[in-house]
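The values are calculated or read from the model by the stated rules, or taken from the named source; none is laboratory data. Everything numeric here is computed off the predicted structure, so don't read it as measured data. Here Cβ is always computed from backbone atoms with ideal geometry, including for glycine, and neighbour counts include all displayed protein chains.
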Amino acid sequence: MNQNFLEKLSECVEFGKINLASPYPPQMKGFPGADEITKEALEAGVTPTEILNEALITAMNKVGQKFSENKIFVPQMLLSAKAMGASMIHLKPFFANGTVQRKGTFILGTVYGDLHDIGKNLFGMMVEGAGWEVIDLGIDVKIEKFLEAIEQNPTAVVGISALLTTTMVNMKPVIDAIKSVSPDTKVIVGGAPLSVEFAQSIGADGYGKNPQEGIMWLDKIVA
Amino acid sequence: MNKFINQILQGSNVEALPIMTHPGIEAIGKSVREAVSDGNIQYQAIQYLHDHFKTVACTSIMDLTVEAEAFGATVNLPENEIPSVTGRLVCDEESVKNLVVPSLEKGRVPQYLLANQLAAANITDKPVFSGCIGPFSLAGRLYDMSEIMVGIYIEPESIQLLLSKCTEFLVAYCKALKASGTQGVIVAEPAAGLLSGEDCMTYSTFYVKQIVDAVQDDSFTVILHNCGNTGQCTDAMVATGANALHFGNAIDMEGVLKQCPSDVVVLGNLNPVGVFKQGTVESVREETLQLLQKTAGYKNFVISSGCDLPPNVPEANIRAFLETVEMFNI
Ligand code: B12
């Protein structure tokens, strides 16, 4: 029975079925989505941890894989992330009361001067699905805003995104400022024009070419 | 056959068409803000580049905010950076329904028409190409780019209505650009490159084609630019019927040339930042030559930057690019 719920939920997330009302994907139109199934599953006694580990995370791994193989594109991936988000809403109370442990808090933003956010949004949703609490600071995020968020969440890990060669150089001042007030805070960077070498040269602790790599790094530092 | 297309296909040389206005703006000592707000200044920048560089055509600014601003979006105009749209203008069926298609009097549209008119009147020895944003990218700027990506699946009717309104405006704008006397328009549709080929066909091509059908003829070319396409959208770009297709640096040009019909002009794709802005004269020469050699034999190829050249590209690099093309042609 539980397995049935988990399989159905996993399928909803993999194919981006958010809720009953969503017409996508067409072959699941009129059926319950991640939203309803999660609620039912919890009522039937499936544990939040099972939902997270055996449905959401496994589904998002598949989605990430398909994306990196160009089998699906940005819209399909965002839909999966939305479906996952619809499920997560029901898990929030369990995170809040400690029934389920989050892996940690992740502060994420696009560096100042840069307004691209599709990749950052995608990564943020995937990280949330991987069991982290995500604080999204948005686009064009100035140094002070990162520092403020760290002050409020001292144990958080920070992620910075940049899509322009002209703004990726703004990442170093952000990292320098973070390290000077909070030397233990770990920073991961990403975005199309970056490379491992560049990430190392600006003092980032981690780099993710794609969401999976980023999540692997995040999981490693809390393991 | 279209005059410009004919000139390319019949010519024996490889022609060069970097998409640029910023180098001209800098050379005449004006700020980006002045150039994107004042048609006269934009025209002077275009004229400067015409006078100083041997390119096959002139282009106007690739400013992807003019049209969204006309619809009512708030625009940020920094002194010396490319303008940007802030916030979200429409968010659901209701707001899309209420969205009014603006007149060509709104925002900076009259200044852009003026710049094009002045350029067309004063530059008579080569084509001048106007510029505008593409329908899907415009809709994305009004609806939020990430939201429209999922909107096409969960609210397809709202998005299609929004796209129709964007297209209605763009058709009117392109007709006015044509009336200003220019020889074509570069329609920039970068966001469509994030879609699958099939979705690109439904949510971009279908609408771009309406622009093509409305304005393209023997004396006016539509050049469809999509720098987001990594290969999956090429067929959808061809299906718009645009006479010319312009590609970004994320794509393999040889593959594109094999895929596109030989009577469609194909332009691209040197990295505007990595090569033009950050490269040295030597690296620009090398990259240019490499691309020329890879594409040799394709008479429909025009060498270009993969996107609009950003502010602060060294003039020496543009010269190195053009000289390399010239040498290659000898
Ligand atoms: C969509 C787009 C836009 C949209 C942005 C909408 C939005 N809300 O994001 C609009 C039209 C507004 C836009 C504007 C501009 N753009 Co633009 N844009 C693009 C485009 C087509 C796609 C970018 C994208 O979203 N990719 C999809 C996502 C999923 O990929 P991604 O961001 O790389 O993210 C992935 C990974 O990198 C990673 N990741 C991302 N962030 C992070 C963070 C961490 C911590 C980790 C671990 C991983 C990670 O995970 C993601 C999923 O795999 C690219 C071209 C291209 N092919 O990339 C140009 C491109 C990025 N843009 C470019 C330019 C030049 C501009 C403009 C300056 C153009 C102009 N003339 O106005 C402006 C800049 C405005 C500004 N100040 O930021 C250039 C950049 C050149 C360069 N190297 O500097 C590009 C490459 C186009 C080109 N070929 O020239 N753009």
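Quick check on A:Phe31: is it surrounded by fewer than 21 Cβ atoms within 10 Å (Cβ to Cβ), in contact (Cβ under 8 Å) with a residue 40 or more places away in the chain and aromatic (Phe, Trp, Tyr)?
So A:Phe31 fails the test.
Just one of B:Leu309, B:Leu291, B:Leu267 is closer than 25 Å to B:Leu224 by Cα, within 15 Å of the ligand (Cβ to nearest atom) and part of a loop (DSSP other than H, G, I, E, B); which is it?
When all the criteria are applied, what remains is B:Leu309.
Tell me the residue from B:Ser60, B:Ser12 that is under 24 Å from B:Ile318 (Cβ atoms), surrounded by 14 or more Cβ atoms within 10 Å (Cβ to Cβ) and in contact with a helix residue (DSSP H, G or I) (Cβ under 9 Å, 6 or more places away or on another chain), please.
So the residue among B:Ser60, B:Ser12 that is under 24 Å from B:Ile318 (Cβ atoms), surrounded by 14 or more Cβ atoms within 10 Å (Cβ to Cβ) and in contact with a helix residue (DSSP H, G or I) (Cβ under 9 Å, 6 or more places away or on another chain) is B:Ser60.
Kindly provide the set of residues from segment B:132-157 that are in a helix (DSSP H, G or I) and away from every other protein chain (no Cβ under 12 Å), ordered by number.
B:Pro135, B:Ser137, B:Leu138, B:Ala139, B:Leu142, B:Tyr143
In segment A:88-109, which residue that is in contact with an Asp or Glu (Cβ under 6 Å, 6 or more places away or on another chain) and of a type outside the set (Lys, Arg) is nearest to the ligand (Cβ to nearest atom)?
Top of the filtered list is A:Leu108.
Would you point out the residue of segment B:158-193, among those that are within 14 Å of chain A (Cβ to nearest Cβ) and not hydrophobic (A, V, I, L, M, F, W, C), that is farthest from the ligand (Cβ to nearest atom)?
So the residue we want is B:Gln160.
Tally the residues that are over 19 Å from B:Glu254 (Cβ atoms), away from the ligand (no atom under 16 Å from the Cβ) and within 14 Å of the chain's Cα centre (by Cα), restricting the search to segment B:224-244.
2
Can you go through A:Glu151, A:Glu133 and tell me which one is modelled with pLDDT under 95, more than 14 Å from chain B (Cβ to nearest Cβ) and more than 15 Å from the ligand (Cβ to nearest atom)?
Of A:Glu151, A:Glu133, the one residue that is modelled with pLDDT under 95, more than 14 Å from chain B (Cβ to nearest Cβ) and more than 15 Å from the ligand (Cβ to nearest atom) is A:Glu133.
State which residue pairs qualify: first residue within 14 Å of chain A (Cβ to nearest Cβ) and inside segment B:223-244, second residue away from the ligand (no atom under 14 Å from the Cβ) and of a type in the set (Ser, Thr, Tyr) in any location, beta carbons under 8 Å apart, and separation of 6 or more residues or different chains.
B:Ala236/B:Thr205
Residues in segment B:61-94 that are modelled with pLDDT under 95 and under 14 Å from the mean Cα position of the chain (by Cα): how many?
The total comes to 4.
Residue-by-condition table, conditions (1) within 14 Å of chain B (Cβ to nearest Cβ); (2) on the phi > 0 side of the Ramachandran plot:
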| position | (1), (2) |
| --- | --- |
| A:Lys8 | no, no |
| A:Glu14 | no, no |
| A:Ile18 | yes, no |
| A:Gln27 | yes, no |
| A:Ala34 | yes, no |
| A:Leu42 | no, no |
| A:Gly45 | no, yes |
| A:Thr49 | no, no |
| A:Leu52 | no, no |
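Could you please tell me which pairs satisfy a Cβ distance under 8 Å, a separation of 6+ or placement on different chains, a first residue in segment A:138-149 that is basic (Lys, Arg), and a second residue that is surrounded by 16 or more Cβ atoms within 10 Å (Cβ to Cβ) and part of a helix (DSSP H, G or I)?
none
Filter segment B:150-191 down to residues that are modelled with pLDDT of 95 or more, closer than 25 Å to A:Gly85 by Cβ and among the aliphatic types (A, V, I, L, M), then give me how many there are.
Selection size over segment B:150-191: 4.
How many residues does segment B:245-274 hold that are of a type in the set (Val, Ile, Thr) and within 14 Å of another protein chain (Cβ to nearest Cβ)?
Adding up the residues that qualify gives 2.
Search segment A:69-100 for residues being within 14 Å of chain B (Cβ to nearest Cβ) and over 16 Å from the mean Cα position of the chain (by Cα), and hand back the single one that is nearest to B:Ser146 (Cα to Cα).
A:Phe73
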